[in-house]
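To keep things clear, I will list the structure first and then write my remarks on it.
The values are calculated or read from the model by the stated rules, or taken from the named source; none is laboratory data. None of the values given here were measured: they were computed from a predicted structure. As a convention, Cβ positions derive from the backbone with ideal geometry for all residues, glycine included, and neighbour counts pool all protein chains shown. The protein model used for the area step is the full one, side chains on, heavy atoms only, and it has no ligands, DNA or RNA in it. Shrake-Rupley method; radii C 1.70, N 1.55, O 1.52, S 1.80 Å.
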Amino acid sequence: QWNAGKCWLESGWQGVAAAGILAIRHFNGRNGTYVSAFGSKELLQCDKRINLAIVDTESVPASGLSALIESAIDQQAPTNIIIGAARSAVSSPIASIAGRLRLPQISYWSTLSSLSDKSLYPYFMRTIPIDLAVAAATCSYWREEGYSDAALVFVNDAYGEGFQKAVLGECSRTGTNVVSFAYSPTDALSFEVQMQRVASTNLNVFLAVTLGISEASFILQKASEFGILGAGTSWMFADGIFGESLIAIDPELHADAHGSLYISQKLTSEEDAAWSRFTADWPSFDTAHVNIHLPDAWKLPPNFFKEDLQQSAMDIAALEYDAVAAAAIHACEIAPRGVLGNDFGERFIATKTNISFDGLTGKVGFDANGDRLNARVQLKNVLYTSGFDTPYLGVHEGGAWNWVGGSLAASGIVYNGGSRVTPSATDPPTDDGGGDANVITIVASCVALLCLASVAATVVIYLEWRRKKRKRLKLLCLERTLAPPLLTLAHDHAYHVFLSHKWP
């Protein structure tokens with residue numbers, strides 16, 4: 001919603017922020033109700049407290065980097081540990097700089113696999129498992145269904161591109177051929193063109209990797225328009241959105257979207273005593289303890305904690321709570337008393353694999369790359385009949401699915417359009433998504449107008465050569481981009497020319 005000249009995220013994200021602030025309050029007060037280690041003998045003897053500085057990254061890399069730089073030069077209140085950011089696209093540049101500053105960074109929602117590269121991000125950690133876990137679970141599910149071909153529609157940012165790479169890699173090992181299509185959320189025309197290309201593949205199994213319900217809604221709308229939503233299809237959405245937010249799609253799409261799937265990290269469990277206590281006490285928390293840290297335009301309303309939050313939002317809130325807990329507990333382990341010292345960051349990262357405690361998301365621990373151990377992935381149905389519901393179907397853990405009822409067939413799974421029958425295989429796509437045999441795709445990523453001129457010259461020269469040689473070619477320059485316009489230059493030829501660039 002718009003307030004004070006900014007578009008602020010929904011209440012679910014306020015709950016995520018609130019959880020992090022509550023974790024700091026509980027640690028400083030040595031309240032071990034939810035994380036028992038906070039009340040342990042070792043932490044009671046530790047003299048450390050957390051001083052909080054909240055930064056609004058605005059979900060974009062530039063704002064996050066600006067905040068990091070300001071913090072780095074603040075001699076009065078220097079930063080020792082960074083919690084966040086949420087989006088991989090924001091965490092990546094921050095992690096690159098934080099590594100040079102020797103600042104440990106613990107994200108609670110950045111799943112990009114490349115963040116595990118310690119040569120690039122040596123001080124990065126996360127309490128959420130990497131997207132390889134969800135990708136592996138997706139491909140495992142498709143294999144169990146017997147799907148040999150599928151289409152992936154993904155947002156062209158760091159999160160989406162990392163997810164695409166993970167899916168292509170994992171599915172190549174499990175025997176599913178995946179054709180992928182990137183879209184730009186800020187370019188409605190190219191978004192629509194890409195959905196047209198998806199429809200042209202003749203596929204009926206789809207995975208959408210989106211950021212926010214507006215993108216997911218647009219995909220479903222276009223899928224309906226192009227005849228690839230409803231009975232005989234299977235649509236799955238990854239955890240770039242809250243599963244419960246799918247209630248907000250156009251009601252006219254409900255019948256065909258009924259039976260969609262939602263795959264995400266399984267982060268919390270009602271069987272976990274700590275999580276059960278936290279959710280039971282949630283309505284009793286005081287908004288005043290949180291609002292003193294939040295900007296005026298985003299303060300919690302008086303009854304915030306008494307209103308139900310989406311389960312997906314609560315899961316992410318638990319991850320942020322555990323990120324704060326990991327930072328606090330380990331700080332006390334390596335510097336229980338006195339000043340932290342100039343080598344605090346180095347010691348923190350060097351001993352990160354020693355971190356182990358029972359958090360809101362279960363046992364929390366990290367491997368040598370700073371990645372969360374013990375990944376679990378869950379699959380849910382998205383149902384629109386008799387109200388809205390997202391029943392749980394199974395969990396992927398240890399490389400295998402454990403289904404409700406003991407098997408996929410017994411899980412009660414519903415497919416799109418309300419069908420109980422697994423969508424049958426379709427003819428696989430050809431030429432990377434139905435491309436014509438006489439199509440030339442020229443993809444360029446250039447930094448200045450000069451590069452555009454050189455590419456244009458290359459196109460002219462190449463088309464003349466193509467006219468003579470009658471051969472098919474794909475010319476790739478630096479980077480994949482979105483769908484090109486169709487330019488008909490001769491009655492028997494079709495050329496796709498796409499020039500992508502950044503303005504200086």
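Given H placed on each backbone N at 1.01 Å, which residues far from residue 240 in sequence or on other chains put an amide H within less than 5 Å of it?
Long-range HN contacts for residue 240: 210.
Which value in nm describes the separation of the simple spin-label points at residue 42 and residue 65, placed 7 Å from the Cα toward the beta carbon?
For the pair residue 42/residue 65, the computed spacing is 3.8 nm.
Quick one: which of 41/306; 48/306; 266/363 span more than 24 angstrom between C-alpha atoms?
Too far apart for the 24 Å limit: 41/306; 48/306.
In the range 135-237, carbon and sulfur make up what percent of the accessible area (probe 1.4 Å)?
48 percent
For residue 82, what residues show an amide H to amide H distance below 5 Å, using hydrogens built from the backbone and excluding near sequence neighbours?
It is 105, 106, by chain and number.
Each residue of the range 194-205 in order: what ³J(HN,Hα) in whole Hz does its phi give by Karplus 6.51 cos²θ - 1.76 cosθ + 1.60, θ = phi - 60°, with x for Gly and Pro?
Per-residue couplings from phi come out as 5, 5, 4, 5, 4, 4, 6, 6, 6, 8, 9, 10 Hz.
Quick one: Karplus J couplings for the range 334-351, per residue in order, coefficients 6.51, -1.76, 1.60, θ = phi - 60°, nearest Hz, x for Gly and Pro?
Those phi angles translate into 9, 8, x, 9, x, 5, 5, x, 5, 9, 4, x, 5, 5, 4, 6, 5, 10 Hz.
Just by accessible area at a 1.4 angstrom probe, what is the order of 306, 266 from largest to smallest? Please report the intermediate quantities before stating the final value.
Working: 306 140, 266 45 Å².
The ranking, largest first, comes out as 306, 266.
Please compute the modelled spin-label separation between residue 196 and residue 409, points set 7 Å along Cα→Cβ, answer in nm with one decimal.
4.3 nm
When a/c is below 1.5 the answer is rounded, else prolate if a/b is larger than b/c, else oblate, so apply that to the range 182-265 with a ≥ b ≥ c taken from the square roots of the Cα gyration tensor eigenvalues. Walk me through the numbers on the way to the answer.
Values: a/c = 1.41, a/b = 1.10, b/c = 1.28.
Verdict is rounded for the range 182-265.
Spelling out what I want: for every residue of the range 391-401, take phi, set θ = phi - 60°, compute 6.51 cos²θ - 1.76 cosθ + 1.60 (Karplus), and round to whole Hz; glycine and proline get x.
Working through the residues one at a time gives x, 7, 10, x, 10, 9, 8, x, x, 9, 8 Hz.
If DNA, RNA and ligands are ignored and the probe is 1.4 Å, what is the ranking of 50, 94 by accessible area, most exposed first?
Working: 50 45, 94 10 Å².
Per-residue accessible area, sorted high to low, gives 50, 94.
Taking 8 Å as the Cα distance limit and 6 or more residues as the minimum spacing, I'd like the relative contact order of the range 276-426 as a percentage. Can you show the working numbers first?
Numbers: 129 pairs, mean separation 16.0, N = 151.
Across the range 276-426, relative contact order equals 11 percent.
Report the accessible area of residue 183, computed with a 1.4 Å probe over the heavy atoms of all protein chains in place, in Å² rounded to the nearest 10.
For residue 183, solvent-accessible area is about 0 Å².
For the range 333-377, what does the relative contact order come out to in percent, with C-alpha contacts under 8 Å and a separation of six or more? Display every interim value, and only then the final one.
Numbers: 33 pairs, mean separation 10.5, N = 45.
Relative contact order, the range 333-377: 23 percent.
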